[in-house]
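Participant: Starting off with a structure, shown below.
What follows is calculated from the coordinates using simple rules that are stated; it is not laboratory data. The structure presented is a predicted model; accordingly, all values stated were derived computationally and were not measured. Cβ coordinates were reconstructed from backbone atoms using ideal geometry, including for glycine residues, and neighbour counts include every protein chain displayed.
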Amino acid sequence: MDRRLFLSAAGATAFAGTKPFVPHFGPRARVIVVNDIAGDPDGLFATVHAFLSPSTEVRGFVGTAANGPGESAARAAELAEEILGLMGLSGKIAIHRGSEGKLAEAGKPSRSPGAEAIVAEAMRSDTQLPLYVTVGGGLTEVASALLIEPRIAERMTLIWIGGHPPEGGTSPEYNFSVDPLAARHIFNETQVPIWQVPSDVYGSCMVSMAELQAHIAPCGAIGEWLYRKFAEGPELLRQYRMNTGETWSMGDNPLVLLSALTAWIPSRIPPPFVFERTGSSRYDEKPVPLLGPDGNYTARPQARAMRLYRTVDTRLMFADMFAKMRINNGG
């Protein structure tokens, strides 16, 4: 290989502190970020991380409702607008509201601007970039989009933080419980490709408050805001006599890891190339199980294949987020 392609240590130092890195050939995929960021603060970090990742073109953010008081779709959309303002990106990414409720009836969509935005992006014919819809919460908007226009199932990939591991659980997993009918429709009735990060895997994405204080808080207005929002979480839980100590799960960040921080070798040849190898994050390919009312599974050997993630590369994921925050915002 031509030695001129390599930087000397001195050359690398000269480049440090200049403009953030951008892939020479531009984004490799499109992303619609769907998240209930008015709930747990991990969604705020994952959203900022997605907005900072140049390998994906963020085509919109859909704010969704969660189960807690004040965790509305409207509030999630407001927080997304606030994030864009703090990042100097106001007006650069479309913000859409999702539904304020669950699917009311099996087989009938809950129409919302967010669901319609997913349909519109998936049905585009002017781009060959693959589309990932990354969901850190309930699946109301994705199920509704698929019910509105079933053809989008073959035009997108769903990456979902949610559900039990195959061994099941004794109570419904939180993101499943936001809208069980929606999750069951997607698993049981559609052909959309699913990459699932279940509760045992997303629960392993732990950070400490000291890490956030060192690597996030000094990074400009958005860093200070994120750290403050994160510090509020343990305080709110004191009313339930819960002492969370000095750690928290950043369970939504695998959405960025698996969409933006993928290996460079395409997994489908010939064109259009789809960059879907996820490097050091390990998954099993298995038939999509039948999803029951309690969130547990029944095997379906003849069903379409899905990816079930067994591990995610937390080193790459968190180091990349900390580095992008510092490069883009100082600190």
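Participant: Binning at 20 angstrom from zero up to the longest distance, how are the C-alpha pair distances of the chain distributed in percent?
Facilitator: Spelled out per bin, shortest first, that is 32, 59, 9, 0.
Participant: Let me check against my output: what whole-number percent is the relative contact order of the chain, with C-alpha pairs under 8 Å and at least 6 apart?
Facilitator: Relative contact order of the chain: 18 percent.
Participant: Amide H to amide H under 5 Å from Met206: which residues, 5+ apart in sequence or cross-chain, H placed 1.01 Å off N in plane?
Facilitator: Hits under the 5 Å cutoff: Met250.
Participant: Report the trypsin sites (Lys or Arg not before Pro) located in region 40-112 that are in a DSSP loop and have at most 15 other Cβ atoms inside 10 Å of their Cβ, or state none.
Facilitator: Those satisfying the criteria are Lys92, Arg111.
Participant: I'd like the Karplus ³J(HN,Hα) series for region 57-71: coefficients 6.51, -1.76, 1.60, θ = phi - 60°, whole numbers in Hz, and an x wherever there's a Gly or Pro.
Facilitator: Coupling constants for region 57-71: 9, 6, 8, x, 10, 10, x, 10, 8, 10, 8, x, x, x, 9 Hz.
Participant: Here's a follow-up. Using only the alpha-carbon atoms of region 96-202, report the extent along each of the three principal axes, biggest first, to the nearest angstrom.
Facilitator: 45, 29, 24
Participant: Quick check on packing: order 136-149, 23-36 by the mean number of other C-beta atoms within 10 Å, highest mean leading.
Facilitator: Sorting 136-149, 23-36 by mean packing, highest first, produces 136-149, 23-36.
Participant: Measure of size requested: the Rg and Dmax of region 135-266, with Cα atoms as the atom set and Å as the unit; please supply both.
Facilitator: My reading of the Cα-based Rg and Dmax gives 17.4, 49 Å.
Participant: Helix-only estimate, please: 222 nm mean residue ellipticity of the chain, summing -39500 (n - 2.57) across DSSP H runs of length 4 or more and dividing by its residues, to the nearest 500.
Facilitator: Rounded to the nearest 500, the figure is -10500 deg cm²/dmol.
Participant: Take the alpha carbon atoms of region 24-41, find their center, do the same for region 207-227, and report the distance between the two centers in whole angstrom.
Facilitator: Distance between centres, Cα-based: 20 Å.
Participant: Here is a further query. Packing-wise, with mean Cβ within 10 Å as the measure, how do 296-308, 76-88 rank, highest first?
Facilitator: Result, highest mean Cβ count within 10 Å first: 76-88, 296-308.
Participant: Right, here's the next one. Measure out, as a whole number of angstrom, how far apart the alpha-carbon centroids of region 277-320 and region 87-131 sit.
Facilitator: 23 Å
Participant: Continuing with this model, one more query. Of the DSSP beta bridges with both residues in the chain, give the percent that are antiparallel, rounding to the nearest 5.
Facilitator: Of the beta bridges lying entirely in the chain, close to 30 percent run antiparallel.
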